[in-house]
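The values are calculated or read from the model by the stated rules, or taken from the named source; none is laboratory data. In this text the structure is predicted, and so the values were computed from the model without any measurement. Cβ placement follows ideal geometry from the backbone for every residue including glycine, while neighbour counts extend to all protein chains displayed.
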Amino acid sequence: MASLTEDPVLGINDIKEREEENEKGKTQVVKTEEVGQSERDMASATGNSIHRSGSRPQLDLSKAAIQGNFEERDPTILLPNQSDDLSHLALDIGGSLIKLVYFSRHEDQSIDDKRKKTLKERLGISNGNRRSYPILGGRLHFVKFETNKINECLDFIYSKQLHRGGMDARIWNPDAPTNENAVIKATGGGAYKFADLFKERLGVSLDKEDEMNCLVSGANFLLKAIRHEAFTHMEGHKEFVQIDQNELFPYLLVNIGSGVSMIKVDGDGKFQRISGTNVGGGTYWGLGRLLTKCKSFDELLELSQLGDNRTIDMLVGDIYGGMDYSKIGLSASTIASSFGKAISENKELEDYSPEDISLSLLRMISYNIGQISYLNALRFGLKRIFFGGFFIRGHAYTMDTISFAVQFWSKGDAQAMFLRHEGFLGALGAFMSYEKHGLDDLMVHHLVERFPMGAPYTGGKIHGPPLGDLNEKISWMEKFVRKGTEITAPVPMAPPGTTGLGGFEVPSSKGGTLRSDASALNIGVLHLVPTLEVFPLLADPKTYEPNTIDLSDHGELEYWFTVLSEHLPDLVDKAVASEGGTDDAKRRGDAFARAFSAHLARLMEEPAAYGKLGLANLLELREECLREFQFVDAYRSIKQRENEASIAVFADLLMELDSMTEETRLLTLIEGVLAANIFDWGSRACVDLYHKGTIIEIYRMSRNKMQRPWRVDDFDVFKERMLGSGDKKPHPHKRALLFVDNTGADVILGMLPLARELLRRGTEVVLVANSLPALNDVTAMELPEIVAEGAKHCDILRRAAEAGGLLVDAMVSTLDDSKGNSSSVPLMVVENGCGSPCIDLRQVSSELAAAAKEADLIILEGMGRALHTNFNARFKCDALKLAMVKNQRLAEKLIKGNIYDCVCRYEPLS
Amino acid sequence: MQQTPDQQVHNLIRGAGKARGERGRAKMDIVESKQISEPIKSEAQISHLALDIGGSLIKLVYFSTNNDSSSSSSSSSSSSSSKDSVAVSSGNEGRPVLEGKLHFAKFETAKINDCIDFIRSKQLRLSGFQKHGAPAGEKCTIKKATGGGAYKYADLFKEKLGICLDKEDEMDCLVAGSNFLLKAVHTEAFAYIDGQKEFVQIDHDDLYPYMLVNIGSGVSMIKVDGPGKFERVSGTNVGGGTFWGLGRLLTKCKSFDELLELSHRGNNRVIDMLVGDIYGGMDYTKIGLSSTTIASSFGKAISDNKELEDYKPEDISRSLLRMISNNIGQISYLNALRFGLKRIFFAGFFIRGHAYTMDTIAVAVHFWSKGEAKAMFLKHEGFLGALGSFMSYEKHGFLNLKVHQLVQQSPVDASRGEDKIHDPPNGELNENQSIDCSICLS
């Protein structure tokens, strides 16, 4: 028997060496053992430590520079070197399910840019691996098929050309020969079994990866890279656990497949299978099938929801005549002997309900796994136990039972945790085994998870045939509507915590309140955006929580769902209009409305379905959903109209401002920002306002109402920092980051004059705007034009914009010495990396991160950026948060005030 | 209890645990109920009965004096041993000492009348202790009993035999019985190595702590630190009841023993998914799994298109037995490990001397502990409770029990060390199971 230490696959850094030795490894493994002696072997051995090299080849960025002929397409792309020789697909072919993880890239929308180049130089960003639209980066998809429908899986792969490195590979490198000897990484028993089939149908060879290696590297990746991957599940209540990367190891990974493996993980590539049990998912399904005639694992699992195990299990109370045997800590409802009642009664198999049998079996096995896992964790002093594998599949009762067992036996010392992507550990690990997958270097902030429109319907269920283009999506949606099931009649909600699934000691549990897949967690598409960074000015990134409102409060959740639902028709109107109001646009609008409503209904029922839920996530989901139905910019025409109207009065406003004293002007400027912030299509109240007057009327009216003191009013402190007191003149800020909110009056009549004032005082200004449209928020794409328009009316802005490279025409002549032009401090525009009204400062664009390095003032403007998120954020520099509260409930909750109250919160760096 | 400890005689000091145990009602049909095989000589005086009335079996332990010893339990003045007692020690001066044997008998709980007849025929009911508080007119002899049936059948015993059952805590009794046996009987404990029984001599000074795993309907794991000092540290709900319950549903067997018997002829590979089934016959050597290792019990029942009827009951029984024995062995070892216990004694009705069961458990413990820990079994495994119950007379000061270890009659069991795994179950205690001993009435 080849011993582990001889296994040459391990501990190899060099790629070639690794491949060669891999072959050797395979031949060694083939040795079989004599049968007779090993009959009594147990499910697993201990003690074989597996050490895998943690140092995989680094991300190859060697060809990442922009190539001339691709200039217009902004080809600077994630991991360009992969497309030539690698396919971006990995498989885990298990006995019952095939799991796919594949990577896709998306064509980038081009934005030109010399402007950008100048900006990058200005900010000191080296050219090359930065992208203009981070959100459109690569995506990691998770798909599963039933193994017995392997043809569906093959069709799926073929239709997406995944075995050839994906369609984008050819777009990307059209000259590359189609790879006839493509190799796909695969793990799981089926990697052997179906190797020929893959060769025959797709012409690809499956390269088998060690299952345990894959599991561990998959789990390590998920736990490190995804913020809310792990969660606990007790008594029907799910709670996400944020795990400090530095404290991740060691942990126990329990993979419950047909059998159960228990793996102690000490680090990347460092793990050891310490134990296991042969009583696992296969036992549940095998025994369950024999006892109940169920036709599928899921059917059996579903049955358990309706069961009552007390008819079959012998409880302590049955033995002690209903009394607790409290002396040894056993309550009457503790199961003394699983299936123990089947002994004493004269009933036959037919006399027991399959539901009861299924539940009894499920509890027996889950509990046993929990107990053995805990005992093993105890041996090695491991506090955290992660359970994964196909047996669990998000089933609430299973998780509860396992959690209970761990809790019970450890007396609360150890914690059972589960992983949202638990079914995909192996496939992910196989993906990671590509030499140049590039995932090693990814950090939490590089990943954004999106939930496509199908998510509310398919839940954790098995993926059907692939949906191709938009049209198919819409048809699919319409089909669902016609069926009149899920969407039009959302499943009644079970209030959290009332499932009564108390675990092992509380067999009174009834699964009736849970939909079968109610706890099936959705897995979204993982967007890999390597350019995203943590905002460097966050005072404490570890404790930073973007959301101000905690949606785990059910009342809060309900309220915001209502707000979003009510706003939906208006949004659909705008969206359809933005696409010319065509029939096609109407159809898409319809589908969008249904898809988004379905998301809402799903989240209402299972708030944690997509991970930890905050208001920012909800708002972002809406934008993503719009984009999914190709509403690129629903407010396009409105934004344009408002910009024009605001620019028209811009000169007048500047004149008015310039006539004031410095002190009055500063106040008026802040008033102006607050007043202009009323223009917000995201607020129901404001939408109503729009119907009553013109922009300028509203702005003036609004500004006149801006009488101090505001509800939160730190203006005097801010003024002192800006203007000083008495003779003492403070030095101006070096660089200010202005996070702008809406188009039109908000940015033009509010923020731009404020920026101008800062520039005038010698402070560099960076306008930070969205990367992608969200409602009527201004985007980084639109800002330069707006600034250019404004610059026509103002020298200060013009010189600063020129210095910042915003004025393309002017730049042509000054390009060479743009850096040396000291006539003005620059005005710059950077994108924030977001496409949502809110901003999560853990994931911002690299541009913004670079711009932040020299900044000593941050101004956050608007509800989304300053109230819904970041209201409580602390920074390493002075920060000013400005917003008008355009929502009564939020006003009450946050500042104990009323709608239209204003917040001027200044937090100097102490 | 004032005896000094003696190498050959052990004085059991009982813990002060309060009795409120009741034994499981798990029913277990016993095909044949062997009474004790040593015929009781008619002239022998029999006394001191204690019972363990379980859901499926009633276990009896009683004492009979040797032929030549004259004694009467009712008269505390008239007894003395005419025989040299190996075990005489200084503690019982002036007290009657009875030489005799401890006998073990069991009946199916369902046939409780046989048991009552037996007690009546042996006049076991006479030798008891008058209930102190009993009304003068009421004739009531107190007998110690444990197990759930001590509650359930209390009235029946009173009515038919005039016996009042005095309930003792089950866990207390188990531990007391096990401590007694391990100290008093030389050839009590044995290990199962490569399918062979090997008796183990236990150094009395090195007995504690140990793990006692009692496999009844469920499984209790008890850490025993000394006489009367113990703690239930763990357990599992996958036990004898699970074997028999699931087995009954799956095979239509009519009795536990029938199910056990079936397992001999079975082949678990038909139903269990082995490592080789997954890896195409190859070992997964990297993690130390051979191709014949069970990866998933009943795992093959998934993929086949076979229904329950298509599987042989023999195979099912075997698979089930291995699953449960292995699981118990594993959890026991893990718990022993927690407390640094090297010795694990397995007892309880599930085992009933069944070679394959013991072998599976032993292999599990050996495998998981890499040979560090040892599974051991007790010859009187089914009688721990009854014995403990018997011991409780002592606790209450009624008697002292001494064992003449060297005198145990069986031509001991070196000859039995040859048991093969596939022998039919020697589900019953063998002949000469009785233990020579003396009782000192106080």
> Of all residues in region A:363-382 being surrounded by fewer than 24 Cβ atoms within 10 Å (Cβ to Cβ) and without any contact (Cβ under 8 Å) to a residue 40 or more places away in the chain, which is farthest from B:Gly329 (Cα to Cα)?
Replying inline: A:Gly381
>> One residue is enough: does region B:359-376 have a residue meeting the conditions on the phi > 0 side of the Ramachandran plot and not charged (D, E, K, R)?
In response: yes
>> Quick check on my filter: what residues within region B:113-139 are in contact with a helix residue (DSSP H, G or I) (Cβ under 7 Å, 6 or more places away or on another chain) and either under 13 Å from B:Leu165 (Cβ atoms) or at pLDDT below 70 (or both)?
In response: B:Ile116, B:Ile119, B:Arg125
> If you go through region A:308-317 one residue at a time, do you hit one that is facing another protein chain (nearest Cβ under 9 Å), assigned to a helix (DSSP H, G or I) and either modelled with pLDDT under 90 or within 37 Å of the chain's Cα centre (by Cα) (or both)?
Replying inline: yes
>> Filter region A:849-894 down to the residues that are assigned to a helix (DSSP H, G or I), crowded, with 22+ Cβ neighbours inside 10 Å and in contact with a Gly (Cβ under 8 Å, 6 or more places away or on another chain) and list them by number.
In response: A:Met863, A:Gly864
> Quick one: how many residues across region A:332-350 are more than 8 Å from chain B (Cβ to nearest Cβ), within 23 Å of B:Ala110 (Cα to Cα) and of a type in the set (Asp, Glu)?
Replying inline: 1
>> For region A:758-784, give me the residue count where each residue is surrounded by fewer than 20 Cβ atoms within 10 Å (Cβ to Cβ) and assigned to a helix (DSSP H, G or I).
In response: 1
> Right, A:Leu657: of a type in the set (A, V, I, L, M), part of a helix (DSSP H, G or I) and modelled with pLDDT under 85 or not?
Replying inline: no
> Got a number for residues in region A:595-618 being surrounded by fewer than 21 Cβ atoms within 10 Å (Cβ to Cβ) and either under 23 Å from A:Glu579 (Cα atoms) or assigned by TED's automatic domain parsing to the domain that holds A:Val778 (or both)?
Replying inline: 1
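This table checks each residue for (1) aromatic (Phe, Trp, Tyr); (2) at pLDDT 90 or above; (3) under 37 Å from the mean Cα position of the chain (by Cα).
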| residue | (1), (2), (3) |
| --- | --- |
| A:Thr763 | no, yes, yes |
| A:Val766 | no, yes, yes |
| A:Leu772 | no, no, yes |
| A:Leu775 | no, no, yes |
| A:Val778 | no, yes, yes |
| A:Glu782 | no, yes, yes |
| A:Leu807 | no, no, yes |
| A:Thr814 | no, no, no |
> For region A:330-362, which residues satisfy the criterion of being free of Cβ contacts under 8 Å to residues at least 12 places away in the same chain and not polar (S, T, N, Q)?
Replying inline: A:Glu345, A:Lys347, A:Glu348, A:Glu350, A:Asp351
>> Go through region B:319-350 and report how many residues are surrounded by fewer than 24 Cβ atoms within 10 Å (Cβ to Cβ) and either more than 10 Å from every other protein chain (Cβ to nearest Cβ) or without any contact (Cβ under 8 Å) to a residue 12 or more places away in the chain (or both).
In response: 5
> Restricting attention to region B:241-257, and to residues there that are more than 7 Å from every other protein chain (Cβ to nearest Cβ) and modelled with pLDDT under 90, which single residue is surrounded by the most Cβ atoms within 10 Å (Cβ to Cβ)?
Replying inline: B:Phe256
> Within region B:200-209, is even one residue surrounded by 22 or more Cβ atoms within 10 Å (Cβ to Cβ) and either out of contact with any Ser or Thr (no Cβ under 6 Å at 6 or more places or on another chain) or modelled with pLDDT under 85 (or both)?
Replying inline: no
> Inside region B:326-372, can you point out the residues that are part of a loop (DSSP other than H, G, I, E, B) and touching a strand residue (DSSP E or B) at 6+ places or on another chain (Cβ under 9 Å)?
Replying inline: B:Phe339, B:Leu341, B:Lys342, B:Gly348, B:Phe349, B:Phe350, B:Ile351, B:Gly353
> Is one or more of the residues making up region A:217-239 modelled with pLDDT of 90 or more, of a type in the set (A, V, I, L, M) and out of contact with any strand residue (DSSP E or B) (no Cβ under 9 Å at 6 or more places or on another chain)?
Replying inline: no
>> For the structure I just gave you, tell me whether A:Val787 is at pLDDT 90 or above, among the β-branched types (Val, Ile, Thr) and surrounded by 19 or more Cβ atoms within 10 Å (Cβ to Cβ).
In response: yes
> Looking at A:Ala577, A:Ala591, which one is of a type in the set (A, V, I, L, M, F, W, C), assigned to a helix (DSSP H, G or I), surrounded by fewer than 23 Cβ atoms within 10 Å (Cβ to Cβ) and in contact (Cβ under 8 Å) with a residue 24 or more places away in the chain?
Replying inline: A:Ala577
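This table checks each residue for (1) at pLDDT 80 or above; (2) part of a loop (DSSP other than H, G, I, E, B); (3) closer than 21 Å to A:Arg756 by Cα; (4) in contact with a Phe, Trp or Tyr (Cβ under 8 Å, 6 or more places away or on another chain).
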residue	(1), (2), (3), (4)
A:Phe679	no, yes, yes, yes
A:Gly682	no, yes, no, no
A:Ile698	no, no, no, yes
A:Met701	no, no, no, no
A:Gln707	yes, yes, no, no
A:Arg721	yes, no, yes, yes
A:Pro730	yes, yes, yes, no
A:His733	yes, yes, yes, no
A:Leu738	yes, no, yes, no
> What number of residues in region B:290-323 are under 24 Å from A:Ser261 (Cβ atoms), assigned to a helix (DSSP H, G or I) and out of contact with any Gly (no Cβ under 6 Å at 6 or more places or on another chain)?
Replying inline: 6
> Here are A:Gly322, A:Gly329: which of them is more than 7 Å from chain B (Cβ to nearest Cβ) and either more than 26 Å from B:Gly329 (Cα to Cα) or at pLDDT 90 or above (or both)?
Replying inline: A:Gly322
>> If B:Lys300 satisfies all but one of (1) modelled with pLDDT under 85; (2) surrounded by 22 or more Cβ atoms within 10 Å (Cβ to Cβ), what's the number of the condition it fails?
In response: (1)
>> What's the number of the only condition in (1) part of a strand (DSSP E or B); (2) within 14 Å of chain B (Cβ to nearest Cβ) that A:Leu290 fails to meet?
In response: (1)
